[in-house]
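The values are calculated or read from the model by the stated rules, or taken from the named source; none is laboratory data. Just so we're clear, the structure is a prediction, and the values are computed from it rather than from any experiment. No Cβ is skipped: glycine too gets one built from the backbone with ideal geometry, and neighbour counts run over all protein chains shown.
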Amino acid sequence: MHNRLLWLIEALAQHGLDGILVSTPENRHYLSGFTGSAGYLLVSKNQAELATDSRYTDQATEQAEDFQVVPTQSGWNWLVESLQKSGLHRLGFESEHLTVAAHQQLLEVIKQEPTLTSLSLVTTSGIIEGLRAFKDQQELALLQRAIASSDSAMDAICPTLQEGLTEREVAWRMEQAMREFGADSSSFNTIVASGPNGVMPHHRPTDRAIGQGEPVVIDMGAKIGGYCSNITRTIVLGQADETFRHVYDIVLGAQLTAISIVRPGMTGGECDSLSRSVIQEAGHGDNFGHGLGHGVGLAVHEAPRVGLNSDDTLAVGTVFTVEPGIYIPGWGGVRIEDIVLLEQTGATPLSKARK
């Protein structure tokens, strides 16, 4: 955690900031180790404070060893007192998370305090998220445990599925299995999309019974120690017909092409094009509407973005999904998703479940 604070302080200096108010839960966890659901961080060159209420003060003291824990009740009084001691002039806040109402309240409190007339609140976006894109060994270990949980669940449950089970029943079996294989929870609501429902990439499971020979898209993830996994497999019960085999082979080829060719220094858009070109050349360019992938870590969707026109740089140490898909109205869809770690020599798949 100490190294992460040093990286943040260096980033703040590059952005012309004296400090930052952190409100995003994942960023709070990343910097401090605190997993409670309420609190703020105030970080500057000479300051590292974690403000939270009485429900979490003992937990914060135990988890956030590099931070001074500041008890709070309500409002911004704690922050005013801390800012008076710090002498900060340019304080960043996370504009994509702090609500308009909270921002207005903070402005009013600052205006009413004569000692803070020289303080400016500065909008920021993506500073800490940029740090989070690079995974250290501790993070990779937690990610690998989460990935192993969902991999094991996928491999254990898929062979047991039978005609007549509903999408909801399959989703529940998967979530139970992830727990049995060590997950703290699911990282998002499990997707099970059978037959024509598979045309919707984020379909919510229904009571539709799964039939023989139709594609079934299963997209799920586990969470362990705050870190998320994300995996998608497309299966068929019984014999796959020619259409399924044809579409599946295109999607698998598109995925393997990107995994084998992507290199450090490419942008997310360039990586996306590696898979997209395969699907376009096969005549299904209009049937692949979403981006190729996204970063995974404390959030199931985080930097870097791997999609059309993304200029995010894919650097050594970044972790992201590769998940091309083809979706045909009236028939269904095929999507295959794995998490990869980008190393100097290329992408190393971390997901191991059978395809």
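Some observations on this one:
- Candidates ARG245, ARG204, ARG208, ARG263, filtered to the one that is surrounded by fewer than 19 Cβ atoms within 10 Å (Cβ to Cβ), under 20 Å from the mean Cα position of the chain (by Cα), in the same structural domain as VAL306 (by TED's automatic domain parsing) and charged (D, E, K, R): ARG204
- A single entry from THR117, THR99, THR124 fulfils the requirement of being closer than 14 Å to SER23 by Cβ, assigned by TED's automatic domain parsing to the domain that holds TYR40, hydroxyl-bearing (Ser, Thr, Tyr) and surrounded by fewer than 16 Cβ atoms within 10 Å (Cβ to Cβ): THR99.
- Note on segment 306-350: among residues that are more than 17 Å from VAL251 (Cα to Cα) and among the small types (Gly, Ala, Ser), the one that is surrounded by the most Cβ atoms within 10 Å (Cβ to Cβ) is ALA347.
- Which numbered condition GLY16 misses (of (1) on the phi > 0 side of the Ramachandran plot; (2) free of Cβ contacts under 8 Å to residues at least 60 places away in the same chain; (3) not basic (Lys, Arg)): (2)
- Of all residues in segment 225-282 being in contact with a Phe, Trp or Tyr (Cβ under 8 Å, 6 or more places away or on another chain) and not in a helix (DSSP H, G or I), the one that is farthest from LYS135 (Cα to Cα): ALA240
- Segment 140-161 residues that are within 11 Å of ILE339 (Cβ to Cβ) and surrounded by 18 or more Cβ atoms within 10 Å (Cβ to Cβ), paired with ones that are of a type in the set (Val, Ile, Thr) and at pLDDT 95 or above (beta carbon under 8 Å, 6 or more apart): LEU143/VAL296; LEU143/VAL319; LEU143/ILE339; ALA146/ILE224; ILE147/ILE231; ILE147/ILE339; SER150/ILE231; ASP151/ILE231
- Set VAL247, VAL262, VAL278: member being β-branched (Val, Ile, Thr) and in contact with a Gly (Cβ under 6 Å, 6 or more places away or on another chain): VAL278
- Only listed residue being over 20 Å from PRO304 (Cα atoms), among the hydroxyl-bearing types (Ser, Thr, Tyr), modelled with pLDDT of 95 or more and in contact with an Asp or Glu (Cβ under 9 Å, 6 or more places away or on another chain), chosen from THR232, THR206: THR206
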